[in-house]
Amino acid sequence: MRIGRFEPTSQLRSACGVKDGARLLHIRQWAGGACGIVLDRDVNAAVNVAKAAKAPDWR
């Protein structure tokens, strides 16, 4: 499975699946509004990429 270059992996919360939208690049952590979990931008994106590799219909 290939993930597109512009796939919004850092915008989708890996914990609950809600798409938060774009953030400025200097924002490295944030708290999810619905789930309340604190997310690191890079770790969150990596988890989403790993999920996509396991299930092609991940969204």
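The values are calculated or read from the model by the stated rules, or taken from the named source; none is laboratory data. Because the structure is predicted, anything quoted here is derived from the model rather than measured. With ideal geometry, Cβ positions are generated from the backbone for all residues, glycine too; neighbour counts draw on all protein chains shown.
Observations, loosely collected:
- Being surrounded by 12 or more Cβ atoms within 10 Å (Cβ to Cβ) and among the hydrophobic types (A, V, I, L, M, F, W, C) is a property that holds for Val49.
- Among the residues of segment 9-26, some residue qualifies, meaning at least one is on the phi < 0 side of the Ramachandran plot and in contact with an Asp or Glu (Cβ under 7 Å, 6 or more places away or on another chain).
- Per-region count, segment 16-31, residues touching a strand residue (DSSP E or B) at 6+ places or on another chain (Cβ under 9 Å) and closer than 27 Å to Arg2 by Cβ: 5
- Scanning segment 26-54 for residues that are in a strand (DSSP E or B) and in contact with a Ser or Thr (Cβ under 9 Å, 6 or more places away or on another chain) turns up just one, Leu39.
- Subset of segment 1-30 that is modelled with pLDDT of 85 or more and of a type in the set (Lys, Arg) - its residue that is surrounded by the fewest Cβ atoms within 10 Å (Cβ to Cβ): Lys19
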